[in-house]
Structure formats: structure tokens, C-alpha cells
Amino acid sequence: MGAARIIDSHIHCGVQHANLPFEHLAPLLRQAGITDACLFAPVEDIYDRDDFHFQDNSQWQQTRRAANRYLLDLAEQGEPVFPYLFVWNDFAVDELRHPYRGIKWHRHDDEPEYQYDDPRCARILEVITRRRLPVVLEESYANTLSFVERLAPEAVIIIPHLGGLNGSYQALDRAGIWRRANVYADSALASVADMRHFVERYGADKLLFGSDFPFGAPGQELRKIRQLNLSAGDFEQVVGGNILRLLAAVTAP
């Protein structure tokens, strides 16, 4: 089963602290028949996992900006990528003056938390929502519910791994998160069984193909989508059409 464009909507790429340059990634995409990719900076290029009091400094600020700008530069050089801004606790709304195509919002339960009561958080979420920038939201279960239901209820949300690191697919299902019109899921590292249940219950227009490279292999994760035995139209939506539709709705800085 083929598709005009196959877009991996969940890839980490960076050269600050991580060794994930695009030139190492590009051959893997070509081999898998993937034409484009949505790129996020790796976590280790954005924040200190041991800094639970967010004692930011100029070095981290520079590293963070350079990591995000590296992705912008790839797009400007003509690479088939969509750069996302990885937001951390400085809530650098000024970075949204640049043509990022989406947002990465990420932490795990055992890592430093976002300072949601910071007024700068509300400000950047207002801009993100207004510009329709899709937010790849990977957070704790409680913070996911708060983000989706209270902090940014009208934002375009993509929950990665079919919720596997946001409390579980089933927990978000019970909470009604998947029923929300503005919430989508990506398939990275999710089981074929959960993907099939999601598509049957919520529709193929809500699922985005992703690999979570380097934690998942793009070709292998794409094969899992093929195992769903979708119709040609649904397959094209999942592997490219859905994310292209979301990206097309993003407004300019």
C-alpha cells in the first residue's frame, strides 16, 4: 500500500548534547519510503533532568535556543522537515516569531515539572492556541487532563504513543480525552491492538503516524500502520494527510 507522502510526525533530531544529526536520520527515512518528518529537539538539549527547582542559566538558554534553531535551519536549507519548538520553563514566547510548525511539550513523572502557575505559561499557550500550532503533549496523566481541559482547552493537541506515557491509552479513553474534537494521537511505539481500537472508535482522521526516533525505528513503526489493513484512503490519512491538514491550519507569526 503506497501513499503520495508519508510523514513521520514524531522524530527527535539535534546536535547540542545529543548526537542525532539529520544526516544520520535522512537515510533511515529514505529506506522506509518516508518523505517528510516533524522534528523536535532531544530532551537532553532542552533541560536538565535533575534541575527540579529550574535554576536556569544563560548556558542552558543558549543551548535550548540553538537546539530549536537547528531544526529551523534544516527547513530553511530545503530539507523535507517541519520544525517544532520544544517549550520549557522559560516559556520563550519570543521564539514563536520564527516559523515553527508545531510545539513539543514534554516531561515524565520523575522529571522536573512545568511551572504552570507562571504567567508566561498562560501567555505562550494563548499564542500557541491562537496560531493553531499543534502541541505534541507528553505529560503525566493528571497534568495531561489539566492541560487539555483547563489550561489550553481549544489548542490542537497530539498525544504521543496513543497515551502510553500520559497515563495509558485506556485511562485517557475512560476520561473522554480521545472524544474531544481537538485531540489527536500519534502511533509512536503504540501497540497494533490499541491503534486498531482507536481507529475503529474515533476514526482514522484522528491518528498520526510517528516513530519516536531514536527510540523507535521509522520503518518498523510504519510497518505497524500497514498491519492495520486500512483502506487506501484511511492509510493515506494516517501516514500523511492528517498531519498535513493540521499543519496547513497553522497561521503565520
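Taking the criterion of being touching a residue at least 12 places away in the same chain (Cβ under 8 Å), open to solvent by less than 60 Å² (accessible area, probe 1.4 Å) and not hydrophobic (A, V, I, L, M, F, W, C), the residues of the range 198-213 that qualify are 202, 206, 210, 211, 212.
Filtered by the rule that a residue be more than 17 Å from the chain's Cα centre (by Cα) and in contact (Cβ under 8 Å) with a residue 60 or more places away in the chain, the range 70-112 gives 74, 97, 98, 111, 112. Determine whether the range 138-158 contains at least one residue that is charged (D, E, K, R) and either touching a residue at least 40 places away in the same chain (Cβ under 8 Å) or farther than 23 Å from residue 103 by Cα (or both). There is no residue in the range 138-158 that is charged (D, E, K, R) and either touching a residue at least 40 places away in the same chain (Cβ under 8 Å) or farther than 23 Å from residue 103 by Cα (or both). The listed residues are 76, 23, and the only one of them that is modelled with pLDDT of 95 or more, open to solvent by 30 Å² or more (accessible area, probe 1.4 Å) and closer than 15 Å to residue 213 by Cβ turns out to be 23. Exactly one residue among 18, 3 is in a loop (DSSP other than H, G, I, E, B) and more than 25 Å from residue 225 (Cβ to Cβ), and that residue is 18. Which members of the range 32-46 meet the condition of being open to solvent by 10 Å² or more (accessible area, probe 1.4 Å) and acidic (Asp, Glu)? Across the range 32-46, the qualifying residues are 36, 44. Annotation note: of 172, 165, 247, the sole residue that is hydrophobic (A, V, I, L, M, F, W, C), closer than 30 Å to residue 21 by Cα and open to solvent by less than 10 Å² (accessible area, probe 1.4 Å) is 247. For residue 62, the criteria (1) part of a strand (DSSP E or B); (2) exposed (fewer than 13 other Cβ atoms within 10 Å of the Cβ) hold in every case but one, which is (1).
The values are calculated or read from the model by the stated rules, or taken from the named source; none is laboratory data. Everything numeric in this text was worked out from a predicted model, so none of it was measured. FYI the Cβ positions are ideal-geometry reconstructions off the backbone, even for glycines, and counts take in every protein chain you see. Ligands, DNA and RNA are excluded from the accessible area calculation, which covers all protein heavy atoms including side chains. Shrake-Rupley method; radii C 1.70, N 1.55, O 1.52, S 1.80 Å.
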